[in-house]
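Engineer: Encoded as structure tokens, here's the structure I'll be asking about.
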Amino acid sequence: MLKSFSYRLYPTAEQQSLLARTFGSVRFVYNRLLEYRNKAYERRKESRNYYDCNAFLRKLKDIYPWLRDVNSQSLQMANKNLDTAFRNFFRNPGKTGYPTFKKRCARQSFQCPQNVKVDYKAATVYLPKIGWIDCVFHRRFKGDVKTVTVVLEPSGKYYVRILVENGICKAGTDRKLPTSLDDVLGIDMGVKTLAVCSDGTEYQNNRHLANSERKLKVLQRRVARKKKGSSNRKKAIKKLARCHEKIRNQRDDTIEKTTADIVNKNHVAVCVEDLNTKGMMHNHRLAKAISDASFSRFLARLEQKCIEHGTLFIKVPRFYASSKLCSNCGYIYKDLTLSEREWKCPVCNVVHDRDRNGSVNIQKKGYEMMTIPVDGGKSTPVKTNMVDDRANAPKKPNVEKAGIVLENTTQEAPCL
């Protein structure tokens, strides 16, 4: 399993100049190769692959000799990243957009796949053609180093991110299955409360973006009032970037501590709901709160830590009626709205908390999914309670049958 470790860098003034030259060269190569592929298709309807761009990169070095002053492998990684971006776009155009040109004002980065050295005693990192840079190692890593990425954040801070293969397998056959319902932990996620566990533990949503929104408005207003290109505007942009970085660090800290506490409960399996986060973001009333809670990152970090600790990570089907199902008698309350935090079952007269009831149902469903025999023997289908609210939703019109012609909105790539 691949795992990334991030460390803070403290380069000298001379090293900052070398890093800035590398950032600019990698960005320049990426943009020129993107322009090269765009122009080849627009003029001659020809596609350019990774090897064609490598040949064009050698020509760029002859035209611009200053490209030879930086690490050649970093320039090749820019070509590889561009090819990966095109592959992702053609594989799923709706999920991944068309590759765009890199900007100077955004986050800068370059990769070094080889010849990187780490010295824990001297607290330094060696980068090709840059030298040894002071680094703060708050912890050590174990495994084979794959790639090393140097990042310059908009706030002006330098980081080195080391991608390591730690040798942990994602799927293991030696993992034991739960023997009772107590070995399984169900988690129901929400906006009001970040996570509610089936054992009664609740993790509150700190709402870091909402708490800092007033300060962000002030800083954004100051940036808007400054003259473009002035030094005061650059200072204001850096202050705004530091505020955003603080919010991101607070959110990451909350996610790391919450997921660590959940995994340290030492359950055999952890069950969560398979949330459609991208579809939930289309609700403009809840999009900001959902993005502030960061459901996707929470589930990703929880899954990674479960793999590291040898805990089973189970995703319950998306349309399982976890909140609408009575965990005591099995009655389905179909008219449950989002504003109802508690509801009373008309059959067994039990008052349910919405989130706690959902976590208990997720726990039972996850345990049920793991106890069904799937290898050998006869398996009996299990009756499940599913509610699909999209069954009666209107279907999208067929564009081809309706005779609608979509215009091509592709713009010509700017010359660099």
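The values are calculated or read from the model by the stated rules, or taken from the named source; none is laboratory data. Not measured: the values here are computed from a predicted model. Positions of Cβ are generated from backbone atoms using ideal geometry, with glycine treated the same way; all protein chains shown enter the neighbour counts. Accessible surface is based on the protein model in full, side chains and every heavy atom, while ligands, DNA and RNA are left aside. Shrake-Rupley method; radii C 1.70, N 1.55, O 1.52, S 1.80 Å.
Engineer: Angle check, please: helix 13-44 long axis (alpha carbons) against the longest principal axis of the chain (alpha carbons), in degrees 0 to 90, nearest 10.
Structural biologist: Tilt of helix 13-44: around 80 degrees.
Engineer: How tilted is helix 50-63 with respect to the longest principal axis of the chain? Cα atoms for both, answer in degrees (0 to 90, nearest 10).
Structural biologist: Around 30 degrees separate the two axes.
Engineer: OK, next. Counting pairs of Cα atoms in the range 1-146, how many percent are more than 18 Å apart?
Structural biologist: Numbers: 6769 of 10585 pairs.
Taking all Cα-Cα pairs of the range 1-146, the fraction more than 18 Å apart is 64 percent.
Engineer: Can you show me the helix-derived [θ] at 222 nm for the chain, built from DSSP H runs with n ≥ 4 at -39,500 (n - 2.57) apiece and divided by the number of residues, rounded to the nearest 500.
Structural biologist: Values: 11 runs with 164 residues, N = 416.
One gets -13000 deg cm²/dmol as the mean residue ellipticity at 222 nm.
Engineer: Same structure again: At 1.4 Å probe size, what's the solvent-accessible area of T277? Round to the nearest 10 Å².
Structural biologist: Rounded to the nearest 10, the figure is 20 Å².
Engineer: Please quote Rg/Rh for the chain to two decimal places, taking the Kirkwood radius as Rh and restricting both calculations to Cα atoms. Don't skip to the answer; put the middle values down first.
Structural biologist: Working: Rg = 26.0 Å, Rh = 25.7 Å.
That ratio is 1.01, to two decimals.
Engineer: Right, next: Probe of 1.4 angstrom, ligands and nucleic acids ignored: what's the accessible area per residue over the chain, in square angstrom?
Structural biologist: 62
Engineer: What Rg and what Dmax come out for the range 115-162 when only alpha-carbon atoms are used, in angstroms?
Structural biologist: Rg and Dmax of the range 115-162, Cα atoms, are 11.0, 31 Å.
Engineer: May I pose another question? Share of the range 252-312's accessible area from carbon and sulfur, percent, 1.4 Å? Write out the running numbers ahead of the final one.
Structural biologist: Details: 1400 of 2860 Å².
So the carbon and sulfur contribution to the accessible surface is 49 percent.
Engineer: What Kirkwood hydrodynamic radius, in Å, does the range 103-184 give when the mean of 1/r is taken over all pairs of distinct Cα atoms and then inverted? Intermediate results must be reported in sequence, preceding the final value.
Structural biologist: Values: mean 1/r = 0.0633 Å⁻¹.
About 15.8 Å for the range 103-184.
Engineer: Here's something else I'd like to know. Which of the lysines could be linked to K121 by a straight reach, that is with a Cα gap under 25 Å, when you skip same-chain ones fewer than 8 residues away?
Structural biologist: Within the straight-line limit of under 25 Å, K121 reaches these lysines: K3, K129, K142, K146, K157.
Engineer: Kindly give Rg over Rh for the range 222-301, based on alpha-carbon atoms, with the Kirkwood expression for the hydrodynamic radius.
Structural biologist: On the way: Rg = 18.2 Å, Rh = 15.6 Å.
Radius of gyration over Kirkwood radius for the range 222-301 works out to 1.16.
Engineer: Let me ask something else about it. Around N205, under 11 Å between beta carbons, what's the net of Lys plus Arg minus Asp minus Glu among the other residues?
Structural biologist: Values: positive: K192, R207, R251; negative: E202, D292.
Computed value for this residue: +1.
Engineer: Sum up the charges of everything whose Cβ sits under 15 Å from the Cβ of I290, counting Lys and Arg as +1 and Asp and Glu as -1, but leave I290 out. Let's see the in-between values first.
Structural biologist: Numbers: positive: K192, R207, R251, K278, R285, K288, R297; negative: D188, E273, D292.
Local net charge: +4.
Engineer: How big is the accessible area of K3 in square angstrom, nearest 10, if you roll a 1.4 angstrom probe over the protein chains?
Structural biologist: 40
Engineer: Enter the accessible area of E342 (Å², nearest 10), with the probe set to 1.4 Å and all protein chains included.
Structural biologist: Approximately 120 Å² for this residue.
Engineer: Kindly express, to the nearest 10 degrees and within the range 0 to 90, the angle between helix 72-91's C-alpha long axis and the longest C-alpha principal axis of the chain.
Structural biologist: 40
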